[in-house]
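The values are calculated or read from the model by the stated rules, or taken from the named source; none is laboratory data. From a predicted model like this one, the values you see are computed outputs, not experimental measurements. Cβ atoms come from the backbone with ideal geometry, glycine included; neighbour counts cover every protein chain shown. We work out accessible area using only protein heavy atoms, side chains counted, and drop any ligands, DNA or RNA first. Shrake-Rupley method; radii C 1.70, N 1.55, O 1.52, S 1.80 Å.
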Amino acid sequence: MIKIYNSFFLIDKLEKNSRLTADEYSFLIKNQNPNTSDYLFSKARKIRERYYNNDVYIRGLIEFSNYCKNDCLYCGIRRSNSNVQRYRLSEKDILSCCDEGYRLGFRTFVLQSGEDGYYTDDKIVSIIKEIKKCFPDCAVTLSIGEKTFEQYKAYFDSGADRYLLRHETADNEHYNRLHPQDLSAENRKQCLWNLKEIGYQVGTGFMVGSPFQTPENLAQDMLFLKELQPHMVGIGPFISHKDTPFAHMPSGTMEQTLFMIGLIRLTLPTALIPSTTALGTINPMGREKGILAGANVVMPNLSPLAVRKKYMLYDNKICTGDESAQCVVCMKKRMESIGCKVIVNKGDHVSFAK
Ligand code: SAH
């Protein structure tokens, strides 16, 4: 049987019951155009406003190490990129980033790094405990890759609140084209289920326009989100990095990334969705447009200026030359320019908020 779909009808359907089939998602993605996008975004904004008004939550991102044992083909800090000047921040460095962040109004600190064995579980636990002791009204989010259930549990028990681990792509074959053989989509997804079971607020996500990605892959990503029910979903365009095997692959587009943000808002109405730095990198107004497509979080950089340029996941990453304070002022202005307001609080998911 041949099914005839209509994008506007499918968007209405998604708005009503937050659920579509893989074919329906694929159809929408293949037929995305300015009209379907506008229609989707107006619905996505309405849903965002229903749960979060025009509030935008800020997270202070601390990129504490760019050492990585993995060799993901897309990533600028992959192990085999010998052009990277590697760095590590000490616990003391990290705490002074938090100190500055706290003064600037951040109540969530996101600790992100490559998969760096130098930071043993004891070190990570000590960093978490110290941050929670100094800033008891703040949330700690980890984004340090794939670990065992026991490791995730130890971090959680020492006070970590949230964990970000993008699944990158839900399709096994596609996953294998983006990653070395020792990594698998299956293990990455299992990590996410473990994190949920332990009790974290969990964030996942994927790159839009990554090499070899098809609309069907993106549809599978949406079904995986629906199944996992993460609290947060971070997506951004793939952007090539000159020192990787994908140096000459075309980057993802802003239009498709925004469209996916809109679909995620309708699929997971209460999700926390960041408007990412990668989106701001491919277009100077990308982050504003992301919010207008349904996102409600921004993650300004709190890393020390001296290391910013060394955490280059992709070429031309923005905000690598600005002090944290400048980034916050700039972000507040950007959000106000679109009628939104940056909020000083932890910004928990509605199901966790007291
Ligand atoms: N080691 C951590 C953090 C990874 S960096 C982990 O494994 O989760 C955070 C995210 O940056 C990745 O999950 C990936 O989706 C994104 N990223 C990496 N390289 C990128 C590129 N070239 N373009 C766009 N996004 C990229």
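Miscellaneous remarks
- The helices (runs of 4 or more DSSP H) found entirely in the range 235-354 that carry 1 or more residues being buried (at least 18 other Cβ atoms within 10 Å of the Cβ) and more than 19 Å from the chain's Cα centre (by Cα) are 305-308, 324-336.
- For the range 44-58, a residue qualifies if it is part of a strand (DSSP E or B) and charged (D, E, K, R), and exactly one does: Asp55.
- Selection count, the range 183-196, where residues are surrounded by fewer than 18 Cβ atoms within 10 Å (Cβ to Cβ) and free of Cβ contacts under 8 Å to residues at least 24 places away in the same chain: 3
- Only residues that are more than 22 Å from Asp71 (Cβ to Cβ) and open to solvent by 20 Å² or more (accessible area, probe 1.4 Å) were counted in the range 160-182, giving 1.
- Tyr119 falls short of the stated requirement of being hydroxyl-bearing (Ser, Thr, Tyr), assigned to a helix (DSSP H, G or I) and out of contact with any strand residue (DSSP E or B) (no Cβ under 6 Å at 6 or more places or on another chain).
- Of all residues making up the range 59-110, the number that are open to solvent by 40 Å² or more (accessible area, probe 1.4 Å) and in a strand (DSSP E or B): 1
- In this structure, Lys226 does not satisfy being open to solvent by 20 Å² or more (accessible area, probe 1.4 Å), more than 18 Å from Val110 (Cβ to Cβ) and within 14 Å of the ligand (Cβ to nearest atom).
- For the range 155-174, the candidate set comprises residues that are farther than 14 Å from Arg188 by Cβ and in a loop (DSSP other than H, G, I, E, B); within that set, the residue that is nearest to the ligand (Cβ to nearest atom) is Ala160.
- The residue of the range 111-137 that is farthest from the ligand (Cβ to nearest atom), among those that are surrounded by 20 or more Cβ atoms within 10 Å (Cβ to Cβ) and more than 15 Å from Arg88 (Cα to Cα), is Ile131.
- Restricting attention to the range 9-35, the residues that are open to solvent by 80 Å² or more (accessible area, probe 1.4 Å), more than 12 Å from Met222 (Cβ to Cβ) and in a loop (DSSP other than H, G, I, E, B) total 0.
- Just so you know, in the range 138-150 the residues that are over 21 Å from Gly205 (Cβ atoms) and away from the ligand (no atom under 16 Å from the Cβ) include one that is surrounded by the fewest Cβ atoms within 10 Å (Cβ to Cβ), and it is Glu150.
- Top-ranked residue of the range 229-239 - restricted to ones that are more than 21 Å from Lys289 (Cβ to Cβ) and either aromatic (Phe, Trp, Tyr) or touching a residue at least 40 places away in the same chain (Cβ under 8 Å) (or both), ranked as nearest to the ligand (Cβ to nearest atom): Pro230
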